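A short worksheet on the structure shown next.
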Amino acid sequence: MAKPRAIVTRRWPSANEERLKQNFDVVFNESDVPFTGDQLKDSLKNCDVFMPTVTDKVTRDVLSVEGRTANMIANFGVGFNHIDIDAAKELGITVSNTPSVLTDCTADIAMSLLLMVARRVGEGERELRSDNWTGWRPTHLLGTKVTGKKLGIIGFGRIGQAVAQRAKFGFNMDILYWDPYDLPEEVVSKYNATKLDTIEDICKESDFVSVNCPATKETFHLMNEERFKLMKPTAFVINTARGDIIDEKALLKALADKEIAGAGLDVFETEPNIPSELKTLENVVSYPHLGSATIETRIAMGDTAIDNALAFFEGKDLPNKVV
Ligand code: DGY
C-alpha cells in the first residue's frame, strides 16, 4: 500500500525526519523559511497529512482551500492557537498536538527567566562581556531574593504545576494559583497551593506572576494595564505561554512607570518582531521562544506528532486529538 503523503512546514530533528521518511511519502521544507499563506494552501492540496508548527498561521481561509486533500493536521507543538480549530472542526479536519513531552523543559525555562530577572543575571553578564566589571562590592547589582517568596501561577495545568514543583521544592516558594477549573485535591495539596478567587488577587498578592495558561479568546491580553497596576512595584511577571496573553504595550508602560520590577519573557505578541524597548530595558530578560528547545524534547515532540498521524491512518484513537 502506498505510504500517506506528508508535508512538514519546518525542519525537524534528524531522528524525526528519518522516521517520517520511513512511514510517509514526505516533503520537507529544506529552506526552513516559514511558509506563506499560499504555500500553506498549496500544501493542504498536496498531502494526506499536514504537519505545521507554531509559526504557521493555519487560518479558516487556508483550511477552506479548494481541492484540499489533507484531512489530518499533526501539529508539532502543544499550543494550537495558530490553527483555526473551529474551522477545522466544521470542515471535518482532524487536528492533534504534542502535550506532556515539553512540560518539564518549559517549566525549566520559566524558572530560569524568574531567576535571571530577579537576580539581574542578564545585566551582570552584559557588564562582564562589555569589560565594565570593576570587581566585587557590597552594593553591586543587588537583586531580589527568590527563595521563600510568593509565586502566583495563572493557569495551573501541566506546565503551571511543573513550575510549582520547581518553585516549591527547589526554592521553598509559596504557591498561589488561579485557574478556571477546579483541580483535584491531591494536586493542590502536593504543592500546598492556595487557589485565589481572581486574577486580580494573584496580581496583588504575588512576588512573581507566572503566566501558564493557553492562548484563547478568553486569555487574550489577560495581563493588562489594570492588572499590572495591581501588582507590587517589587514584583515580576514571567511569560512562557503565548505573547498575546500579555498586552505588551501595557507591560512596557508598567515597566517604564516602575509599576512592576521586571519581566521575564520567552514569548511575544508579534514574534519574532519584538518592540525595541524590550531589547533595551535592563529589567527585562527575553528569550527567543526557547521553552521546548532541548534536543530530547524536540525529538519527543516530533515523535508524538508522528504517532498521532500514524494512528489516524491506522484508524486508531489518536493519542492527542484536539478535534
Ligand atoms: C508549543 O509547543 O506550543 C511551544 O510554544 C513550542 O515550544
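The values are calculated or read from the model by the stated rules, or taken from the named source; none is laboratory data. On a predicted model such as this, the values are computed, not experimentally measured, just so you know. Counting neighbours? That spans all protein chains shown, and the Cβs are built from the backbone with ideal geometry, glycine included. Please note that ligands, DNA and RNA were not included when accessible areas were found on the heavy atoms of the full protein model with its side chains. Shrake-Rupley method; radii C 1.70, N 1.55, O 1.52, S 1.80 Å.
Looking at the stretch 29-47, I want the residues that are at positive phi and have a partner that is open to solvent by less than 80 Å² (accessible area, probe 1.4 Å) with Cβ atoms under 9 Å, at least 6 apart or on another chain. Which pairs are those?
32/10
The rows are residues; the columns are (1) in contact with an Asp or Glu (Cβ under 6 Å, 6 or more places away or on another chain); (2) assigned by TED's automatic domain parsing to the domain that holds residue 24; (3) more than 16 Å from the ligand (Cβ to nearest atom); (4) hydroxyl-bearing (Ser, Thr, Tyr).
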residue	(1), (2), (3), (4)
59	yes, yes, yes, yes
65	no, yes, yes, no
94	no, yes, yes, yes
110	no, no, no, no
136	no, no, yes, no
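Residue pairs, Cβ under 8 Å, 6 or more apart or interchain, first in the stretch 304-323 and in the same structural domain as residue 73 (by TED's automatic domain parsing) and in contact (Cβ under 8 Å) with a residue 12 or more places away in the chain, second open to solvent by less than 30 Å² (accessible area, probe 1.4 Å) and aromatic (Phe, Trp, Tyr). List them.
The qualifying pairs are 305/76; 309/24.
Looking at 322, 285 in this structure, which one is open to solvent by less than 60 Å² (accessible area, probe 1.4 Å) and within 16 Å of the ligand (Cβ to nearest atom)?
None of the others qualify; the one that does is 322.
Just wondering, is there one or more residues in the stretch 291-308 that are more than 25 Å from residue 143 (Cβ to Cβ), assigned to a loop (DSSP other than H, G, I, E, B), within 15 Å of the ligand (Cβ to nearest atom) and among the polar types (S, T, N, Q)?
Taking every residue of the stretch 291-308 in turn, at least one turns out to be more than 25 Å from residue 143 (Cβ to Cβ), assigned to a loop (DSSP other than H, G, I, E, B), within 15 Å of the ligand (Cβ to nearest atom) and among the polar types (S, T, N, Q).
From 41, 45, grab the single residue that is open to solvent by 70 Å² or more (accessible area, probe 1.4 Å), basic (Lys, Arg) and not assigned by TED's automatic domain parsing to the domain that holds residue 237.
Exactly one residue qualifies, and that residue is 45.
Is it the case that some residue within the stretch 176-188 is touching a strand residue (DSSP E or B) at 6+ places or on another chain (Cβ under 8 Å), open to solvent by 10 Å² or more (accessible area, probe 1.4 Å), of a type in the set (Phe, Trp, Tyr) and at pLDDT 95 or above?
Within the stretch 176-188, one or more residues are touching a strand residue (DSSP E or B) at 6+ places or on another chain (Cβ under 8 Å), open to solvent by 10 Å² or more (accessible area, probe 1.4 Å), of a type in the set (Phe, Trp, Tyr) and at pLDDT 95 or above.
Could you list, in sequence order, the residues of the stretch 72-92 that are polar (S, T, N, Q) and either surrounded by 21 or more Cβ atoms within 10 Å (Cβ to Cβ) or more than 11 Å from the ligand (Cβ to nearest atom) (or both)?
75
With respect to residue 316, is the statement that it is more than 16 Å from the ligand (Cβ to nearest atom) and under 30 Å from residue 231 (Cα atoms) true?
For residue 316, the condition - more than 16 Å from the ligand (Cβ to nearest atom) and under 30 Å from residue 231 (Cα atoms) - is not met.
Pick from 24, 28, 35: which is more than 13 Å from the ligand (Cβ to nearest atom), open to solvent by less than 50 Å² (accessible area, probe 1.4 Å), of a type outside the set (A, V, I, L, M) and closer than 20 Å to residue 318 by Cα? Talk me through it step by step, then tell me what you get.
Values: 28 fails: closer than 20 Å to residue 318 by Cα; 35 fails: closer than 20 Å to residue 318 by Cα.
The match here is 24.
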